[in-house]
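Trainee: I am attaching a structure below and will ask some questions about it afterwards.
What follows is calculated from the coordinates using simple rules that are stated; it is not laboratory data. What you see is a predicted model, and the numbers here were worked out from it, not measured in a lab. When we count neighbours, we look across all protein chains shown, and the Cβ atoms used for this are built from the backbone with ideal geometry, even at glycine.
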Amino acid sequence: MTAAAWTERLRTGLWKDNPGLVQLLGLCPLLAVTSTFVNGLGLGIATLLVLTFSNALVSATRRLIRPEIRIPIYVVIIASLVTCAELIFKAWFPALDRSLGIFIPLIVTNCAIVARAEIFASRNPIGASIADGLGMGAGFALLLMALGAFRELVGQASLAGFSFADSGFLLAVLPPGAFFALALAVALKNHIDGKPGR
Amino acid sequence: MSTSSIFRTGLTLAAIGAICTMLVAATYQATRDRIAANDKALLEQSLLPALAGIDYDSGLTDSLLELQPPHELPGNDTALVYRVFAAGEPAAALFAVTARDGYSGPIRVLIGVAYDGTVSGVRILQHRETPGLGDMIDSSRSDWVLQFDGRSLGNPAAEHWAIRGDGGEFDQLTGASITPRAVVGAVRDTLLYFDAHRDEIFPVAASEENE
């Protein structure tokens, strides 16, 4: 794979086809855990790792797998990787694991992952699939971090645990704040891309 | 699909399943000890507030008694007793018991009792009491639960181990008397149990005293 192709794949994941901003996939964890920057960072990294490895494994086995059984195989691969990620978080980042709670095992249900397996990794070579996983994962992780930072800053007047003021605009850390923040992010992206509203 | 291709497909599925299982098993083996250590550290952290002013040896959670119901402690579920030693000698016992007469469901209470029978700390582990009223028993909401520190069966006398509304010495909470009554009762019953069964909880010390 050439450097240009790598850049193109990363750019697609990070911006052009960002799973959160454009494909609007994986919104459940995206909305639920982005109440703080650290939570967004933790779930973002976990999702990035699972997505990259699942793309690599799906791509590596794509010639062995008959189309009839591809979905069960994706499920087995993704579920195993998520279980490993959960164990690793529990062992090395116990505090983060407690604050993310059920959302680490729920990465299994993040449709961004099975979507990339089906759309990309199952029909592309392993190098390109890894690049796609990294790009899409990083795009998702950066969006989680940005939303987490924004909501923590507005809602609690703190960032990554360092507080600047006594209280913030509480709505931002409540569930509706997640929708507002995501809507702002999508609107901002469309504005930068110069895409008029449809 | 022919029979042989069905067979091959099944074999592929089984092989990938086996590989994934091995991956998970290897990760589990690699992380098991760390996870157990983390869980233990977390448990110890949660027990420490009930051990104010008590020295303890490392391995706080190693000497655990699990009392299955029926037992004489509050609650009709499993009661936990962590035996705490200092320099090898019995120092305190930590009881995790359930007060069943809370306002909205059972209240799980952690009660630390020093070896001499005084309370070294009480904390609420789990409750569903009314926010703003009954939930003041939680140490993160108010200091109510600190009033047990240093109390014992003689202080106050047994008939005054109750909330003020019942003629006792313990503060109640504005707008909530059922909740504090339940907690005071659980602490009192635990002290009574400790008083009656101390030598069963710490059999080693008892046999040494007899020698």
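Trainee: What is the fewest-to-most order of A:Val108, A:Val33 by other Cβ atoms lying within 10 Å of their Cβ?
Mentor: Working: A:Val108 18, A:Val33 26.
Ordered by Cβ neighbours within 10 Å, fewest first: A:Val108, A:Val33.
Trainee: Pull out a ≥ b ≥ c, the square roots of the eigenvalues of the alpha-carbon gyration tensor of the stretch B:63-157, then state rounded if a/c is under 1.5, prolate if not and a/b is larger than b/c, and oblate in the remaining case.
Mentor: Since a/c reaches 1.5 but b/c is at least a/b, the shape of the stretch B:63-157 is classed as oblate.
Trainee: What is the calculated FRET efficiency for B:Arg100 to B:Asp57, with r their C-beta to C-beta distance and R₀ = 41 Å, to the nearest 0.05? Please list the in-between numbers first.
Mentor: Details: r = 33 Å, r/R0 = 0.81.
Efficiency for this residue pair is about 0.80.
Trainee: If you put +1 on each Lys and Arg Cβ and -1 on each Asp and Glu Cβ, how big is the dipole of the protein assembly as shown around its Cα centre, in Debye rounded to 20?
Mentor: Approximately 3300 debye in magnitude.
Trainee: How many Å³ per residue does the convex hull of the Cα positions in the stretch B:1-133 occupy?
Mentor: Once divided by residue count, the hull of the stretch B:1-133 is 214 Å³.
Trainee: So, one more: What longest region of chain A stays clear of chymotrypsin sites (Phe, Trp or Tyr not before Pro) that DSSP places outside H, G, I, E and B and that have at most 14 other Cβ atoms within 10 Å?
Mentor: Numbers: sites that count: A:Phe164, A:Phe169.
Longest site-free region, per DSSP loop and neighbour criteria: A:1-163.
Trainee: Taking the number of other C-beta atoms within 10 Å as the exposure measure, put A:Lys189, B:Lys40 in order starting with the fewest. Walk me through the intermediate numbers first.
Mentor: Details: A:Lys189 17, B:Lys40 14.
Listing A:Lys189, B:Lys40 from fewest to most nearby Cβ atoms yields B:Lys40, A:Lys189.
Trainee: Now for a different question. Which order results if B:Leu94, B:Leu80 are arranged by neighbouring Cβ count within 10 Å, fewest first? If you can, show how the numbers build up before the last one.
Mentor: Working: B:Leu94 25, B:Leu80 16.
Final ranking by Cβ density, sparse to dense: B:Leu80, B:Leu94.
Trainee: If you place +1 on the Cβ of every Lys and Arg and -1 on the Cβ of every Asp and Glu, how big does the dipole about the Cα centre of the stretch B:129-211 come out, in debye to the nearest 20?
Mentor: Values: 6 positive and 16 negative charges, 88 e Å.
Using Cβ point charges on Lys, Arg, Asp and Glu, the stretch B:129-211 gives about 420 debye.
Trainee: Indicate the gyration tensor shape class of the stretch A:3-146 (rounded, prolate or oblate), computed on the Cα atoms with a ≥ b ≥ c the square roots of the eigenvalues: a/c under 1.5 is rounded; otherwise a/b larger than b/c is prolate and the rest oblate.
Mentor: Since a/c reaches 1.5 but b/c is at least a/b, the shape of the stretch A:3-146 is classed as oblate.
Trainee: Taking every pair of alpha-carbon atoms in the stretch B:116-190, give the share separated by more than 18 Å as a whole percent. Don't skip to the answer; put the middle values down first.
Mentor: Values: 897 of 2775 pairs.
Pairs farther apart than 18 Å: 32 percent.
Trainee: Under 4 °C and 1.567 mPa s, how fast does the protein assembly as shown diffuse according to Stokes-Einstein, given a Kirkwood radius computed over C-alpha pairs? Answer in µm²/s, whole number. Walk me through the numbers before you get to the answer.
Mentor: Details: Rh = 25.4 Å.
Reported coefficient: 51 µm²/s.
Trainee: Continuing with the same structure: Run the helix sum for chain A: -39,500 (n - 2.57) per DSSP H stretch of 4+ residues, divided by residue count, reported at 222 nm to the nearest 500 deg cm²/dmol.
Mentor: Details: 8 runs with 129 residues, N = 198.
For chain A, the value works out to -21500 deg cm²/dmol.
Trainee: Over the stretch A:52-155, calculate the relative contact order: mean separation of alpha carbon pairs under 8 Å at least 6 apart, over the residue count, as a percent.
Mentor: About 47 percent, as a whole number.
Trainee: Can you tell which of B:Phe95, B:Gly121, B:Thr3 lies farthest toward the positive end of the dipole of the protein assembly as shown, using +1 and -1 charges on the Cβ of basic and acidic side chains (Lys, Arg; Asp, Glu)?
Mentor: B:Thr3
Trainee: Follow-up question, since we're still on this one. Please report, to one decimal in angstroms, the Kirkwood hydrodynamic radius of the stretch B:49-210 built from all distinct Cα-Cα pairs. Walk me through the numbers before you get to the answer.
Mentor: Details: mean 1/r = 0.0628 Å⁻¹.
For the stretch B:49-210, the Kirkwood estimate is 15.9 Å.
Trainee: Once the piece of chain linking A:Thr109 and A:Thr7 is laid out straight, how much longer is it, given 0.36 nm per residue of separation minus the C-alpha distance between them?
Mentor: Difference between extended and current length: 33.9 nm.
Trainee: While we're looking at this one, here's another question. With r defined as the distance between the Cβ atoms of B:Glu169 and B:Ser5 and R0 fixed at 56 Å, what FRET efficiency is calculated, to the nearest 0.05?
Mentor: According to the calculation, E is roughly 0.10.
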